[in-house]
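So the structure is just underneath, and the comments pick up after that.
The values are calculated or read from the model by the stated rules, or taken from the named source; none is laboratory data. No experiment lies behind these values; they were computed from the predicted model shown. Glycine gets a Cβ as well: all are built from the backbone with ideal geometry, and neighbour counts include every protein chain shown.
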Amino acid sequence: MTGISAVQNERLTANRATKGRTMEINPTELAKSQVSAASALIGDPSKFGRVGEDGTVYVITSNGERAVGSYPGKSHEEALAYFVRKFEAVASEVALLAARIKSGAMVPSDAYEAVSKLREQILNLNGVGDLATLASSVEQLPGLIAEHEGAYHERKAIEAAVREAKKAAALLEKQKIVEGAESLIDSTSWKVSSEKLKELLAAWKAAPRLDKETDGDLWKRFSAARNKFDKRRRTHFANLDTAHKEVAAKKEELVKKAQALMNSKEWLATANKYKSLMADWKAAGRGKASSDTKLWTQFKEAQDTFFAAKNADLEKREGAMTENLAKRQALIPQIEALLPITDLDKARKEFRELMNQWSKIGITDRNKRAELDSRVDKVSEAIKEAEAEKWRRSDPSAKARAHDVVQQLTKAIAAYEEAAAKALAAGNHKKAEEARTAAEARRSWLNQAEQGLAEFN
C-alpha cells in the first residue's frame, strides 16, 4: 500500500494474521492489556472498511456499507487510516472507562452516564472498525460497574474515615493551642509569654482548618486570651514608672534600716534582721535599673560592714563553731539515711524533725558548712520530687485520660475480633487475618496503656 506509514503497515500485517477469526472483546481485559485496546478491536482495516474510487470511505457493518466521509488530498490508505483513528479514539475511551470503573475511582452514576454517552457516540460514529464488537463491549460495562460499585463505596468510606481522623487530630491540635494561650492570661513573664503567644499564633495559622463554627469558637477563645494578656501587659508597662517610684521608696527605707544596724554587736538577732530586710528587698520587686543598682550598693555596703564585724567575732569563737560543725556532721548520716524514699509521709516527718535539730545548732564556719548544706539539699530535693510524683500519680484528669485510652483500645480490639470472626465465618480468610493483625497491634498498645493507668493506682 503506497503511502501507508510503517506503524500502519505493521498493524495491518498483524491484523491479516487474525483475519477470518471471530473477535470477542472484554472491556475489563482491555483495561489490563499492554496492547492498544483500539488495535484489538480494529483488526484488518480492509475487513471493516474500504475507500471508493471517488475517495469516499465506507465502514462495513452487518447491515451493509455506510459512508463515513472522505479525506480530500490524501491517498486511499491515508484516508482509511484517518477514519480508523477515529474508531480507535472511541475504543480507547471504552478501555479507559473500564479501567476507571475497575479501580473504583469513578462515581457509579457518572459511569452509567458515560456508558450512555458512549452508546450514542458509537451509534453515530463515523469511523472504520468493528462497530458491532465495540458496541458489544460497551454493553459489558454496566455489569462491570455493578461488580465494582462496592470498591467505590469502600474507598469512599476509607476516605471519610481518614477525613474524620484528620479532623479529630486538627481539633485536638487547635484545642491545645487555645489552652496554651489561656494558660498565659495571668502570666507576668511579659517577654517570654509574648514570644510564646507569637509561637502559638503561628501554630494556629499552620494548623488545618476545621468547620467554620468550630474554628470560629476556638478562635474566639484564642483571641480573647491574647487580648486579655496584651491588655494586662500594656497596663503593666503604662504603670511601670509609678511602680518604679514606689519600689525606689521602699528600697530607700530598707537602706536606712540596713545602715542603722551595721554597727550592731547583737550578732544573731541582727543577722536575722538583715535576713528579714533581704526578704523585704526581694519582695519590693524590681525598680528602674539605675536606681536599683545605686540603692543595692548602699544596702550591701551596710550589710557587708555588719557581717565583716560579725565574722571577725566568729573567729574568736572557733572552738564553738568546730563543735557545731561536728553536730551537723553527726546529723548528716541520719538525714541521708532517709534515702531512698519508700514511705513519703514518714520520710517527710523525720526530715522535719532532723531539720529542726539542724536549725538549732549554732553558727558554723560558712565554708565548711557549704558541703553539708549541699548534702542536705539533695535529700530535700528528693522529698520534693517524691511529693511531686505523688501528686502526678493522683492527678484525676490524667488518670481519666489514661482510663479513656484503655477503654477505647479495649473496644477497638473487641470490634476487630468480631470482624475477624465474621470474616472467617464468611470464608474471607484474608480479611479475617487483617482484622486479627489490627487487633493484635492494638493489644500491644492496650498493654502499655494499662501499665500507664496502673501507675495512678
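Of everything in the stretch 383-405 that is among the aliphatic types (A, V, I, L, M) and surrounded by fewer than 16 Cβ atoms within 10 Å (Cβ to Cβ), the residue that is modelled with the highest pLDDT is ALA388. When THR305 is tested against (1) surrounded by 11 or more Cβ atoms within 10 Å (Cβ to Cβ); (2) modelled with pLDDT of 90 or more; (3) more than 30 Å from HIS244 (Cα to Cα), just one condition goes unmet, and that condition is (3). If ALA249 passes every condition in (1) within 30 Å of SER276 (Cβ to Cβ); (2) modelled with pLDDT of 85 or more; (3) surrounded by 15 or more Cβ atoms within 10 Å (Cβ to Cβ) but one, which one does it miss? Looking at each condition in turn, ALA249 falls short on (3). Within the stretch 314-323, being surrounded by 12 or more Cβ atoms within 10 Å (Cβ to Cβ) and either out of contact with any Gly (no Cβ under 7 Å at 6 or more places or on another chain) or free of Cβ contacts under 8 Å to residues at least 40 places away in the same chain (or both) holds for LEU314, ARG317, MET321, THR322, GLU323.
Within the stretch 259-275, restricting attention to residues that are assigned to a helix (DSSP H, G or I) and loosely packed, with under 12 Cβ neighbours inside 10 Å, the residue that is nearest to the chain's Cα centre (by Cα) is LYS275.
Of everything in the stretch 97-118 that's aliphatic (A, V, I, L, M) and part of a helix (DSSP H, G or I), which residue is surrounded by the fewest Cβ atoms within 10 Å (Cβ to Cβ)?
The initial filter retains those residues of the stretch 97-118 that are aliphatic (A, V, I, L, M), namely 97-99, 101, 105-107, 111, 114-115, 118.
If we keep only those that are part of a helix (DSSP H, G or I) too, we end up with 97-99, 101, 111, 114-115, 118.
On the way: LEU97: 23, ALA98: 26, ALA99: 17, ILE101: 29, ALA111: 23, ALA114: 21, VAL115: 19, LEU118: 21.
For the stretch 97-118, the residue satisfying everything is ALA99.
Inspect all residues belonging to the stretch 111-130 and state whether any of them is assigned by TED's automatic domain parsing to the domain that holds TYR71 and aromatic (Phe, Trp, Tyr). First the steps, then the outcome.
Kept after step one, since they are assigned by TED's automatic domain parsing to the domain that holds TYR71, are these residues of the stretch 111-130: 111-130.
Then drop every residue that is not aromatic (Phe, Trp, Tyr), which leaves 112.
So far as the stretch 111-130 goes, yes, one or more of its residues are assigned by TED's automatic domain parsing to the domain that holds TYR71 and aromatic (Phe, Trp, Tyr).
Among the residues of the stretch 324-338 satisfying the criterion of being assigned to a helix (DSSP H, G or I) and free of Cβ contacts under 8 Å to residues at least 12 places away in the same chain, which is nearest to TRP391 (Cα to Cα)? Give the derivation first.
Initially, the stretch 324-338 is screened for residues assigned to a helix (DSSP H, G or I), giving 324-336.
Subset that is free of Cβ contacts under 8 Å to residues at least 12 places away in the same chain: 326, 330, 333.
Working: ALA326: 37, ALA330: 33, PRO333: 28 Å.
Only one residue tops the list, namely PRO333.
Taking the options THR214, THR297, THR305, name whichever one is in the same structural domain as ALA170 (by TED's automatic domain parsing), among the polar types (S, T, N, Q), part of a helix (DSSP H, G or I) and over 20 Å from SER187 (Cα atoms). On inspection, the qualifying residue turns out to be THR214.
How many residues, within the stretch 355-392, are within 30 Å of TRP267 (Cβ to Cβ) and either in a helix (DSSP H, G or I) or not hydrophobic (A, V, I, L, M, F, W, C) (or both)?
Number satisfying all stated conditions: 24.
Quick grid of which residues meet (1) in a helix (DSSP H, G or I); (2) closer than 30 Å to PRO108 by Cα; (3) not assigned by TED's automatic domain parsing to the domain that holds ALA283:
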{"position": "ALA165", "(1), (2), (3)": "yes, yes, yes"}
{"position": "ILE177", "(1), (2), (3)": "yes, no, yes"}
{"position": "ALA181", "(1), (2), (3)": "yes, no, yes"}
{"position": "LYS205", "(1), (2), (3)": "yes, no, yes"}
{"position": "ARG221", "(1), (2), (3)": "yes, no, yes"}
{"position": "ARG226", "(1), (2), (3)": "yes, no, yes"}
{"position": "LYS231", "(1), (2), (3)": "yes, no, yes"}
{"position": "GLU253", "(1), (2), (3)": "yes, no, no"}
{"position": "LYS257", "(1), (2), (3)": "yes, no, no"}
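Within the stretch 339-354, none of the residues are part of a helix (DSSP H, G or I), over 20 Å from ILE383 (Cα atoms) and not aliphatic (A, V, I, L, M). Of all the listed residues (LEU144, LEU200), the sole one being surrounded by 15 or more Cβ atoms within 10 Å (Cβ to Cβ), assigned to a helix (DSSP H, G or I) and in contact (Cβ under 8 Å) with a residue 60 or more places away in the chain is LEU144.
Of all the criteria given as (1) small (Gly, Ala, Ser); (2) at pLDDT 90 or above; (3) more than 43 Å from the chain's Cα centre (by Cα), the one not satisfied by SER380 is (3).
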